[in-house]
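**Student:** First, the structure itself, so that you have it in front of you.
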Amino acid sequence: MKPLGIGLIGCGMVTQHLHIPALAQLGERFAVRALYDASPSVRGQLAARMPGAMAHDSIGALLDNPEVDAVLVASPSALHAPHAIAAMRAGRHVLIEKPMCMTLPEADALATAAQETGMIAQIGYMRRHAPAFHEAKRLIAADGADINMARLRAIIGPNSAFLKPTAAIIAGDDIPPESLVEAAEASALATRAVARTTEGPRAFVHMLLLGLSTHDLSVMRGLIGMPGRVLSARHRRDGRFFTVDFDYGDFICHFETGIDRIARFDASMEVLSDERVIRLDYDTPFVRHLPATLRVTEAEGEAGVKETFHQPMRRDAFVAEWASFHAAIAEGAAIDTDIADARQDLLLIERIMAVLAR
């Protein structure tokens, strides 16, 4: 089968360091044929590194390229919805980096575009594609409704601590002012609509929820479903640290997250039942091929404890994500992380912000 032609909309750090290597690893399925970035120097230098990829000076020109079958939407978060909708309207499948968009009305507009065009839309929740995630989900389902509590955690240091020693990212300071204004205005409108402000701790919490925390919320939902309501939400340290308690009826899931200056990545989901604790751990995505791992602690007899450590494989989660996208397009495989799924995160974020306002 001929490789699917990929167009890259947005060529920043995540595209360069994570998506392009993943696509190269799947070279029999994908070929990068076109790219666009608001920075002329970034798109020019990157195209020079990638034979066969044409740099375009507009998204419209990229979408007119007949060699493009699907696009990665990795532009600024506030522009994901219009860029993905334009791509689908142009007959291109889309893989949209998280967050899918910033508001529920945007999510609904994306769903309408996908339905009307018949294009595949997958959201970039790579953690949901890790083999350890699937094994954790199987074990939790086997336990049925016997969950006593759950804990969700993400405490991380600066991304630069992982990137500087491992990556050579092309950066440009020549983005046209009108492009910067467009992204900033769209972000401010969305943040005001949800956080009721565009600055201060509440706005920071909102952006953190849309950024890092969408991965955590997606894993939580993927493993134990959608909570009934948000019981509490509190922030400290100017919004850099916050906690949320989700009500699942028979149990509570406690979520804690924050950003500090320690060069480590502490992200996990733990589900506790009477006789088993299932713990899923994620490492930084910015060092490729660090696997998600699974640790299961069980009762053994009347007084014993058995602990099992699972590391299913080292395949990078971004590679698994793109492989799933290809299967959806080429084989009609189902997509777990679709628009309807990602909409649930935006609904949770709005509920968290509403409780945070009390």
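The values are calculated or read from the model by the stated rules, or taken from the named source; none is laboratory data. All values derive from a computational prediction rather than experimental measurement. Note that we place each Cβ from the backbone using ideal geometry, even for glycine, and neighbour counts take in every protein chain shown. Keep in mind that these areas ignore ligands, DNA and RNA; they rest on the heavy atoms of the full protein, side chains included. Shrake-Rupley method; radii C 1.70, N 1.55, O 1.52, S 1.80 Å.
**Student:** Ordered by packing density, taken as the mean number of other Cβ atoms within 10 Å over each peptide's residues, highest first, how do 269-278, 296-305 rank?
**Tutor:** Details: 269-278: 18.7, 296-305: 10.6.
Ranked from most to least packed, the peptides come out as 269-278, 296-305.
**Student:** For an R0 of 25 angstrom, estimate the FRET efficiency from the Cβ-Cβ distance between Glu302 and Arg138 and round to the nearest 0.05.
**Tutor:** Numbers: r = 27 Å, r/R0 = 1.08.
According to the calculation, E is roughly 0.40.
**Student:** Which part of the range 1-19 falls in the paramagnetic zone of Arg315, meaning amide N under 20 Å from the point 7 Å along Cα-to-beta-carbon?
**Tutor:** 1-4, 18-19, by backbone N distance to the label point.
**Student:** Can you work out the accessible area per residue across the chain, with the rest of the protein chains kept in place, probe 1.4 Å, in square angstrom? Please list the in-between numbers first.
**Tutor:** On the way: 15590 Å² over 358 residues.
Computed with neighbouring chains in place, this is 44 Å² per residue.
**Student:** So what J values fall out for the range 272-288 if you push phi through Karplus, 6.51 cos²θ - 1.76 cosθ + 1.60 with θ = phi - 60°, rounded to Hz, Gly and Pro as x?
**Tutor:** Once θ is set to phi - 60°, the couplings for the range 272-288 become 10, 10, 4, 10, 8, 10, 10, 10, 10, 10, 10, 9, 4, x, 7, 10, 5 Hz.
**Student:** Would you mind counting up the charge near Met269? Only other residues with Cβ under 11 Å from its Cβ, with Lys and Arg at +1 and Asp and Glu at -1.
**Tutor:** Details: positive: Arg127, Lys137, Arg151, Arg153, Arg221, Arg279; negative: Asp216, Glu270, Asp281.
Neighbourhood net charge equals +3.
**Student:** What is the Å³ per residue value for the convex hull set by the Cα atoms of the range 158-231? Walk me through the numbers before you get to the answer.
**Tutor:** Details: hull volume 12.1 nm³, N = 74.
Output value, Cα hull per residue: 163 Å³.
**Student:** With a 1.4 Å probe and all protein chains left in place, how much of the accessible area of the range 249-358 comes from carbon and sulfur atoms, in whole percent? Walk me through the intermediate numbers first.
**Tutor:** Values: 2450 of 5270 Å².
With neighbouring chains kept in place, the figure for the range 249-358 is 47 percent.
**Student:** Of all the accessible heavy-atom surface of the range 49-147, with the other protein chains kept in place and a 1.4 Å probe, what percent is carbon and sulfur? The partial results should precede the final answer.
**Tutor:** Numbers: 2040 of 3740 Å².
Summing carbon and sulfur atoms, their accessible area is 55 percent of the total for the range 49-147.
**Student:** Counting only protein chains, not ligands or nucleic acids, how are Met13, Met1, Met50, Met207 ordered by accessible area (probe 1.4 Å), most first?
**Tutor:** Met1, Met207, Met13, Met50
**Student:** Put a dot 7 Å past each Cα toward the Cβ at Asn148 and Arg240; how far apart are the dots in nm?
**Tutor:** 3.5
**Student:** What does the helix-only formula give at 222 nm for the chain: each DSSP H stretch with n ≥ 4 adding -39500 (n - 2.57), the total divided by the residues, and the result rounded to the nearest 500 deg cm²/dmol?
**Tutor:** Numbers: 12 runs with 138 residues, N = 358.
Only helices count here, giving -12000 deg cm²/dmol.
**Student:** Related question: Measuring from label point to label point, each 7 Å out along Cα→Cβ, what is the Arg351 to Ile155 span in nm?
**Tutor:** So the label points at Arg351 and Ile155 sit 2.6 nm apart.
**Student:** Taking the range 213-266, which trypsin sites (Lys or Arg not before Pro) meet the DSSP loop condition and have no more than 14 other C-beta atoms within 10 Å? Kindly include the intermediate steps, with their values, before the conclusion.
**Tutor:** Working: sites: Arg221, Arg229, Arg234, Arg236, Arg237, Arg240, Arg261, Arg264; in loops: Arg240, Arg261, Arg264.
Here the sparse-neighbourhood loop sites are Arg261, Arg264.
**Student:** Report, for the chain, the % of DSSP beta bridges that are antiparallel, rounded to 5. Each step should come with its number before you reach the end.
**Tutor:** Details: 41 of 68 bridges.
Close to 60 percent.
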